[in-house]
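What follows is one structure encoded as structure tokens, with my remarks underneath.
The values are calculated or read from the model by the stated rules, or taken from the named source; none is laboratory data. Quantities reported herein were computed from a predicted structural model and do not represent experimental measurements. Note: ideal-geometry Cβ built from the backbone for every residue, glycine included; neighbour counts use all protein chains shown. Ligands, DNA and RNA are stripped out before the accessible areas are found, and what is left, the full protein with its side chains, is counted by its heavy atoms. Shrake-Rupley method; radii C 1.70, N 1.55, O 1.52, S 1.80 Å.
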Amino acid sequence: MKDAKKIIQDYSILIGFILLCIIASLASNVFLTPQNIINILRQSSIIGVISIGMTFVILAGGIDLSVGSSLALIGGISLITQNSTNSVALGIITSILLGILIGIFNGAISTYGKIPPFVVTLGSMAIARSLILYIANGGSISGNLERFEAFANSYFFFIPTPVIIFVLITLIGFFVLEQTPFGRYVYAIGGNERAARLSAINTSLMKVIIYSICGLSVSIASLIETSRLNSISASSSGVSYELDAIAAVIIGGTSLSGGKGKVIGTFIGAILLATINNIMNLINVSPYLQGLVKGIIIIIVALLQKKTSNE
């Protein structure tokens, strides 16, 4: 009985995902079609990539609310760079460097300034959104290079390129967290930061690196989104992505208080979230209510995590 309970706890996200798929297939004949499954995987890839970076931050006991606005700012500046230099490579390099710099900013201010990450990243969110609105004059920025547009709209056999990138990022994140000393430090900081510091771990530097990893993941997600649409909207691109990314992480079993969680859980959490969106679209749930459903799921999972930790 005890073993059965442990199995249910360890694989609750997978069990929930299977049950959801069964319910969805009964609710809609379209759900299990190959085209719809590929759509779900492709829709999960952008939030999924951000969620992998967010997993590092939450595992270390932090939070990053700036990911959505940062994605819009990074995408806009990347497209401007490409248009002005006629070089996709320079646009990609700009995107990656800017994402890492934003991550370093968030990590350094919250760590060395001793300001809660919630406050710092809330400020970053406002700064990034304001900057891209100013740069784009409140409108959109479009790309001129067709070869960049083809990047995220291509397929490897029948699998969309963004899905392959999502899987690769997940595998890299899994390897770093499970097989390297750096990963053990991330868990140690989230589990007990004071104990980690007394164990000679440079927790301040580690946090800056962790936030820069999240910034890097936002850069990659931004490249996928701008490539797919060949444009970025200053007012709507990336809106609520922080909610989706945090939801994917905690639905995947990572504790909001840090120290516990798996990248694989986040991977499934991102796909599960995309599946929920897909189901709501298939059964014609109003898009205005989809945020309500996600919010309820986050609260329920957080309550379950609290109950489990108390036990």
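Largest first, the extents of the alpha carbon coordinates of segment 215-267 on the three principal axes equal 37, 19, 16 Å. Across all C-alpha atoms in segment 167-308, the radius of gyration and Dmax reach 17.1, 55 Å.
Quick one: putting +1 on the C-beta of Lys and Arg, -1 on the C-beta of Asp and Glu, what dipole do you get for the chain around its Cα centre, in Debye to the nearest 20? Can you show the working numbers first?
Working: 17 positive and 11 negative charges, 140 e Å.
Dipole size: approximately 680 debye.
Rounded to whole numbers, the Karplus 3J(HN,Hα) couplings from phi for segment 263-272 are 5, 4, x, 5, 4, 5, x, 5, 5, 4 Hz, using 6.51 cos²θ - 1.76 cosθ + 1.60 with θ = phi - 60°, and x at Gly and Pro. In the context of the full set of protein chains, the chain has a per residue accessible area of 49 Å² (1.4 Å probe). For segment 153-243, the spread of Cα coordinates along the three principal axes comes to 49, 35, 19 Å, biggest extent given first. Under 5 Å between amide hydrogens, built in the peptide plane, is the criterion, and for residue 231 it picks out 143 among residues at least 5 positions away or on other chains. What a 1.4 Å probe finds exposed on segment 72-186 is 73% carbon and sulfur by accessible area, rounded to a whole percent.
What are the chymotrypsin sites (Phe, Trp or Tyr not before Pro) within segment 96-171 that DSSP puts in a loop, where the Cβ has at most 15 other Cβ atoms within 10 Å? The partial results should precede the final answer.
Details: sites: 105, 112, 118, 134, 148, 151, 155, 156, 157, 158, 166; in loops: 157, 158.
When the chymotrypsin sites (Phe, Trp or Tyr not before Pro) of segment 96-171 are filtered for loop state and at most 15 Cβ neighbours within 10 Å, 157, 158 remain.
What the Kirkwood sum gives for the chain is a hydrodynamic radius of 19.9 Å, with every pair of different alpha carbons counted.
Our summary of shape: the Cα atoms of segment 229-311 have principal axis extents of 46, 28, 21 Å, ordered from largest down, in whole angstrom. The mean sequence distance of close C-alpha pairs (under 8 Å, at least 6 residues apart), as a share of the length of segment 240-302, puts its relative contact order at 34 percent.
Hydrodynamic radius of segment 1-147 by the Kirkwood approach over all distinct alpha-carbon pairs: 18.6 Å. Eigen-decomposition of the gyration tensor built on the alpha-carbon atoms of segment 75-168 gives equivalent ellipsoid semi-axes of 29, 19, 12 angstrom, largest listed first. In sequence order, segment 66-83 has phi-based couplings of 9, 4, x, 5, 4, 4, 5, 5, 4, x, x, 5, 4, 5, 4, 4, 5, 5 Hz under the Karplus curve 6.51 cos²θ - 1.76 cosθ + 1.60, θ = phi - 60°, and Gly or Pro positions carry x.
Counting Lys +1, Arg +1, Asp -1, Glu -1, what net charge surrounds residue 192 among other residues with beta carbon under 14 Å of its beta carbon? Charge balance in the 14 Å sphere: +3.
Karplus-based coupling profile of segment 225-230, in residue order and whole Hz: 5, 5, 5, 5, 9, 6, with θ = phi - 60° in 6.51 cos²θ - 1.76 cosθ + 1.60 and x standing for Gly or Pro. Here segment 229-299 has 66 percent of its accessible surface on carbon and sulfur atoms, given a 1.4 Å probe and all protein chains in place. The relative contact order of segment 132-233 comes to 43 percent, based on Cα pairs under 8 Å that sit 6 or more residues apart. Computed on the chain, with alpha-carbon pairs under 8 angstrom and 6+ residues apart, the relative contact order is 33 percent.
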